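Note sheet for the following structure.
Derivation of every value follows stated rules applied to the coordinates shown; laboratory data play no part. In this text, all values refer to a predicted model and were calculated from it rather than measured experimentally. A quick note on method: Cβ atoms are made from the backbone with ideal geometry, for glycine too, and the neighbour counts reach across all protein chains shown.
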Amino acid sequence: MQIPFIDLKSQYNLYKKEIKKEIDDVLESTQFIMGKKVTTLEEDLANYVNSPHAITCSSGTDALLLALLALDVKAGDEIITTPFTFIATAEVIALLRAKPVFVDIDEESFNIDARQIENTISPKTKAIMPVSLYGQCSNMDAINAIAKKHNISVIEDGAQSFGAEYKNKKSCSLSTIGCTSFFPSKPLGCYGDGGALFCEDEKLNAKIRMLLNHGQDKRYQHDIIGINGRLDAIQAAVLKVKLKHFDSEVKKRQEIGQRYNHLLENLVQTPQTSPQNTHVYAQYTIRIKNRKTFAKSLNEKGIPTAVHYPIPLHLQKAFEYLGYKEGDFPISERVSKEVLSLPMSPFLSLDQQDLVVNAIKKALS
Ligand SMILES: *Cc1c(COP(=O)(O)O)cnc(C)c1O
């Protein structure tokens, strides 16, 4: 029996009736782009995150791009971020011909090491973009303090951390702009691509809304250059249902994560949650020395695994032009060789968890 890495099928079976009804509503209304479903979802999201403005958009990547555009990031500007993340984080910076400036991670949290940020600030620095990797936030107070001192912005890449808390505040409500993704396998996922931005500032809110709709405020009146970055109403319908159940899912994720921690802590290096954080385990990621043979052994026993991420961004071919070399970010490089994500979703049963743990015990013996 193969355990699903992320169990979207059990989730669908559980919410099927509600989801079908909501999607059917959209089909009957023929309002497929923006409209009421999107507006009410945005209200629900703003309430959930406790942020004045929630703006849905076409993907997590586009949320990050829109955030940079809203902050007027231009060619030659520098954005400080982590090399140990999904490509999208730095990709959008480079797309605007701005420059990703990498700072190594902290080995406990896998997130950007706030203590090393200030060394890399230059007159060209426009923003810091911390990533809440695997589902827990960075040291946001320290990062916000540095940003304030240098009069720059902070964009949280919360694609993996929706629902997580930092000092009792929700991820995406912690900085100038918070961005998340509703890619199907993220903690809150839709049935296609989707994303959202959160901000306090009314002007940023208005600008982001224009940017994601071809720079228009009124129809066919384009004041700025924008993109087609809207969320579909059908995706909003799916998200509306899933958001209703999201708190209980987050609770289950945390229970499963803690049970994994307890059963695995003497066997492998388990993930650490910083004391000011709650973790949503978008990925439950351990560290293991001989990863290849270990993963092969698990896979043979019906346990799927994944590596997030095998190559840090500064060593990716696409970023060769930045001139970084091996050894520049030793923690990111070491960790990228050892991380391994295990099956995780709110629907992973006790039996399935035990199968994973027993397979790990066998693989180690
Ligand atoms: C998934 C992800 C993104 C991109 O989100 P999409 O919705 O797939 O575009 C960006 N950053 C991180 C850290 C991610 O995990």
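The modelled label-to-label distance between A142 and K244, using points 7 Å beyond Cα along the C-beta direction, is 4.2 nm.
A straight chain from Q258 to N358 at 0.36 nm per residue would run longer than the Cα-Cα distance by 34.3 nm.
With semi-axes defined as the square roots of five times the eigenvalues of the C-alpha gyration tensor, the equivalent ellipsoid of segment 98-148 measures 18, 12, 10 Å, largest first.
Using a Debye calculation, one point per C-alpha and no hydration shell, please list log10 I(q)/I(0) for the chain at q = 0.07, 0.10, 0.13 Å⁻¹ in order. Listed by q, the Debye log ratios stand at -0.30, -0.62, -1.04.
Fully extending the segment from K292 to R97, taken as 0.36 nm per residue of separation minus the present Cα-Cα distance, adds 66.5 nm. The distance between label points at E107 and S365 comes to 3.1 nm (points 7 Å beyond Cα on the Cα→Cβ vector). Centre-to-centre separation between the Cα atoms of segment 317-359 and those of segment 271-314: 4 Å. Structure remark: mean-square fluctuation, Gaussian network model of the chain, C-alpha springs under 10 Å; the largest value among H308, H214, H222 belongs to H222. Between T40 and S185, the simple spin-label model (points 7 angstrom out along Cα→Cβ) gives 3.2 nm.
Label zone (D328, point 7 Å along Cα-to-C-beta; backbone nitrogen cut-off 19 Å) within segment 128-150: 128-131. Between I33 and K124, full extension at 0.36 nm per residue minus the direct alpha carbon distance yields a gain of 29.0 nm. For the pair K74 and K167, a Förster radius of 35 Å applied to the C-beta separation gives a FRET efficiency near 0.60, rounded to the nearest 0.05.
Reported to the nearest whole Å, the Cα centre-to-centre distance from segment 137-184 to segment 71-94 is 15. Amide hydrogen proximity for A306: with H placed 1.01 Å from N in the peptide plane, the residues at 5 or more positions away or on another chain lying under 5 Å are S341. With the chain treated as a Gaussian network of Cα nodes joined by springs under 10 Å, which of N277, N213, N13 yields the largest mean-square fluctuation? Of the options given, N13 has the highest mean-square fluctuation. Taking a 24 Å limit on the Cα-Cα distance, which of the listed pairs K16/K244; K74/K240; K9/K251 fall beyond it? Over 24 Å Cα-Cα: K74/K240.
Over 20 Å apart: what share of the alpha carbon pairs of segment 240-365 falls there, rounded to a whole percent? Beyond 20 Å sits 51 percent of the P(r) for segment 240-365. Cβ-Cβ distance of K337 and I227, R₀ of 45 Å, FRET efficiency by 1/(1 + (r/R0)^6): the value works out to about 0.75. Between amide H atoms placed 1.01 Å from N, distances below 5 Å from S153 occur with A127, I128, all of them 5 or more places distant or on a separate chain. Taking the Cα atoms of segment 45-204, the ratio Rg/Rh between the radius of gyration and the Kirkwood radius comes to 0.93.
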